[in-house]
Amino acid sequence: MIISGKDLSKSLKEALKCHVAELEAKHGTTPFLAVILVGEDPGSVSYVTGKAKAATEVGIRNTTMRYPETITEEELLAIIDKLNADDDVDGILVQLPLPKHIDEQKVIAAIRPEKDVDSFHPVNVANLWLKLPGFKPCTPKGIIKLLDSAGVEIEGKEAVVVGRSNIVGLPVAKLLLDRNATVTVAHSRTKNLGEVTRRADILVVAIGRERFISADMIKPGAVVIDVGVNRDSRTGKLCGDVDFEHAEAVASAITPVPGGVGPMTITCLMENTVESFERKVTK
Ligand code: GUN
């Protein structure tokens with residue numbers, strides 16, 4: 001089975017659009033998302049375009065603020081301060097990565113946690129690990145929704161996460177643990193990686209290398225979630241971290257790239273923006 005993030009996103013966005021229309025009827029306004037893009041990295045430009053498009057689709061007001069690579073950290077922090085102080089702004093997203101002369105962690109920490117719809121701020125990271133209320137990070141949240149939509153039972157299953165990034169690997173491991181999976185976090189320096197991944201009933205791969213996971217590293221019948229977004233060095237097309245062509249026959253279910261996790265990340269960002277607005281208007 002192919003687990004389509006594109007299809008699930010479409011239905012979730014339709015539901016969200018209705019919800020936003022109800023909010024507008026009740027409160028006379030809609031959520032507002034501010035997206036900050038520094039530089040012109042083609043990957044980042046494409047992500048930011050997708051986020052703006054999805055926001056407009058569901059009725060979330062949005063702006064994309066584009067700045068040159070040469071912007072200083074101080075200037076960027078001043079822009080964030082303004083957005084923090086503007087009560088009309090519900091979500092602030094700074095597209096990563098930032099240029100080397102800017103301290104990414106400092107920028108993330110400058111966003112008010114209540115507007116940090118990416119859920120990258122230290123307070124929101126702590127809330128996740130302490131099981132306190134707050135935003136869930138978008139890609140991990142989207143992965144759990146994909147598993148649920150495919151009817152995959154998580155409780156008691158062996159889940160292996162390949163990758164230990166702050167954005168995906170670590171938080172998805174935590175969400176799987178919260179659903180009572182037995183979780184292993186593997187990474188690029190794990191010894192005998194294939195032995196570890198072959199234990200997985202649920203295999204989540206977020207390492208960022210094309211064909212990093214070959215079919216023989218997958219247990220027959222496993223559910224495979226491929227978070228990778230790479231350029232295929234043979235065809236130039238987008239591809240994931242899993243050798244999809246061969247893995248498809250071994251796995252019981254697998255996400256494609258594109259059309260798998262990517263659209264879910266964007267949809268969950270929209271949900272978080274609406275959640276932020278709702279917390280604001282019910283305060
Ligand atoms: N760069 C790669 N993934 C993400 C993401 O989910 N959010 C932001 N802001 N930047 C990213």
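So for the pair GLN105, ILE2, with labels modelled 7 Å out along Cα→Cβ, what separation do we get in nm?
4.1 nm
Please list, ordered by chain and number, the residues whose modelled amide H lies under 5 Å from the amide H of ILE213; skip anything fewer than 5 residues away on the same chain.
HN-HN under 5 Å from ILE213: VAL242, ASP243.
Can you give the net charge of the other residues whose Cβ lies under 13 Å from the Cβ of GLY156, counting K and R as +1 and D and E as -1?
Residues near GLY156 contribute -2 overall.
Any idea which of ALA109, PRO99, HIS121 is furthest toward the positive side of the dipole for segment 1-151, if Lys and Arg beta-carbons carry +1 and Asp and Glu beta-carbons -1?
Value computed over the given set: HIS121.
Probe radius 1.4 Å, ligands and nucleic acids ignored: give me the carbon and sulfur share of the accessible area of the chain as a rounded percent.
54 percent
Grab the alpha carbons of segment 114-255, take their convex hull, and tell me the volume per residue in Å³. Please report the intermediate quantities before stating the final value.
Numbers: hull volume 16.3 nm³, N = 142.
Taking only Cα atoms, segment 114-255 has a hull volume of 115 Å³ per residue.
Using the structure shown, list the pairs from LYS53/LYS219; LYS174/LYS237; LYS141/LYS283; LYS106/LYS141; LYS17/LYS283; LYS51/LYS219 with a Cα-Cα distance above 30 Å, or answer none.
Check vs 30 Å cut-off fails for LYS53/LYS219; LYS174/LYS237; LYS51/LYS219.
Explain nothing, just compute: Karplus ³J(HN,Hα) = 6.51 cos²θ - 1.76 cosθ + 1.60, θ = phi - 60°, for every residue of segment 247-261 in order, whole Hz, x for Gly and Pro.
Result, ordered by residue: 5, 3, 6, 8, 6, 7, 8, 8, 8, x, 10, x, x, x, 6 Hz.
Which value, in debye to the nearest 20, describes the size of the charge dipole of the chain about its Cα centre when Lys and Arg Cβ atoms bear +1, Asp and Glu Cβ atoms bear -1, and nothing else is charged?
Values: 35 positive and 39 negative charges, 85 e Å.
So the magnitude is around 420 debye.
Work out how much length LYS191 to LEU177 would gain on full extension: take 0.36 nm times their residue separation and subtract the Cα-Cα distance, in nm to one decimal. Please report the intermediate quantities before stating the final value.
Working: separation 14, 0.36 × 14 = 5.04 nm, distance 2.28 nm.
Using 0.36 nm per residue and subtracting the Cα-Cα distance, I get 2.8 nm.
Specify which residue in the list ILE154, ASN230, PRO256 is farthest towards the positive end of the charge dipole of the chain, using unit charges on the beta carbon of Lys, Arg (+1) and Asp, Glu (-1), about the Cα centre.
ILE154
Can you list the residues of segment 79-120 with backbone N under 16 Å from a point 7 Å past the Cα of GLU40, pointing along Cα to Cβ?
Under cut-off, by backbone N: 99.
Return the calculated 222 nm mean residue ellipticity for the chain, to the nearest 500 deg cm²/dmol, obtained by summing -39500 (n - 2.57) across DSSP H runs with n ≥ 4 and dividing by the residue count.
Taken over the chain, the calculation gives -13500 deg cm²/dmol.
Could you compute the net charge surrounding GLY240? Neighbours are other residues with a C-beta less than 13 Å from the C-beta of GLY240; K and R count +1, D and E count -1.
Net charge around GLY240: -3.
Would you mind getting the accessible area per residue of segment 77-180, heavy atoms of the protein chains only, 1.4 Å probe, in Å²? If you can, show how the numbers build up before the last one.
Numbers: 4580 Å² over 104 residues.
On a per-residue basis, 44 Å².
Taking the DSSP beta bridges in the chain as the whole, what percent of them are antiparallel, to the nearest 5?
5 percent
If each residue of separation counts as 0.36 nm, what is the full-extension length gain between GLU75 and LYS131 once their alpha-carbon separation is subtracted? All intermediate terms of the calculation are to be shown ahead of the outcome.
Working: separation 56, 0.36 × 56 = 20.16 nm, distance 3.45 nm.
Gain on extension, GLU75 to LYS131, equals 16.7 nm.
Scan around VAL162 for amide H atoms under 5 Å from its own, H built in the peptide plane at 1.01 Å from N, and keep only partners 5 or more places away or cross-chain.
Amide H to amide H, under 5 Å and 5 or more residues apart or across chains, VAL162 pairs with ALA186, VAL204, VAL205, ALA206.
Per residue of segment 6-12, what does 6.51 cos²θ - 1.76 cosθ + 1.60 with θ = phi - 60° give for ³J(HN,Hα)? Whole Hz please, x for Gly and Pro, Karplus curve as stated.
5, 5, 5, 4, 4, 6, 5
With no other cysteine's Cβ closer than 4.7 Å, which Cys residues of the chain count as lacking a disulfide-compatible partner?
CYS18, CYS239
Can you give the Kirkwood hydrodynamic radius for the chain, in Å, rounded to one decimal and based on Cα pairs?
Kirkwood hydrodynamic radius for the chain: 19.5 Å.
Tell me the angle of helix 138-149 to the major Cα principal axis of the chain, expressed in degrees between 0 and 90 and rounded to the nearest ten.
Helix 138-149 sits at roughly 50 degrees to that axis.
With a Förster radius of 22 Å, plug the Cβ-Cβ distance of GLU153 and HIS246 into 1/(1 + (r/R0)^6) and report the FRET value to the nearest 0.05.
That gives a FRET efficiency of 0.30.
For an R0 of 25 angstrom, estimate the FRET efficiency from the Cβ-Cβ distance between ARG209 and ARG66 and round to the nearest 0.05.
Details: r = 29 Å, r/R0 = 1.18.
For ARG209 and ARG66, the calculated efficiency is 0.25.
Provide the per-residue ³J(HN,Hα) series for segment 153-166, in order, calculated from phi with Karplus coefficients 6.51, -1.76, 1.60 and θ = phi - 60°, each as a whole number of Hz, with x at glycine and proline positions.
Residue by residue, segment 153-166 yields 7, 9, 4, x, 7, 7, 10, 10, 9, 9, x, 10, 6, 5 Hz.
So for the pair ARG234, GLU278, with labels modelled 7 Å out along Cα→Cβ, what separation do we get in nm?
Those two pseudo-labels are separated by 4.5 nm.
Let me check I've understood the local charge: for LYS131, count other residues with C-beta under 14 angstrom from its C-beta, Lys and Arg +1, Asp and Glu -1. What total comes out?
+2
The values are calculated or read from the model by the stated rules, or taken from the named source; none is laboratory data. Note that the coordinates shown come from a computational prediction; the quantities given were computed from them, not determined experimentally. Note that each Cβ is placed from the backbone with ideal geometry, even for glycine, and that neighbours are counted across all protein chains shown. SASA here: full protein model, heavy atoms, side chains in, ligands and nucleic acids out. Shrake-Rupley method; radii C 1.70, N 1.55, O 1.52, S 1.80 Å.
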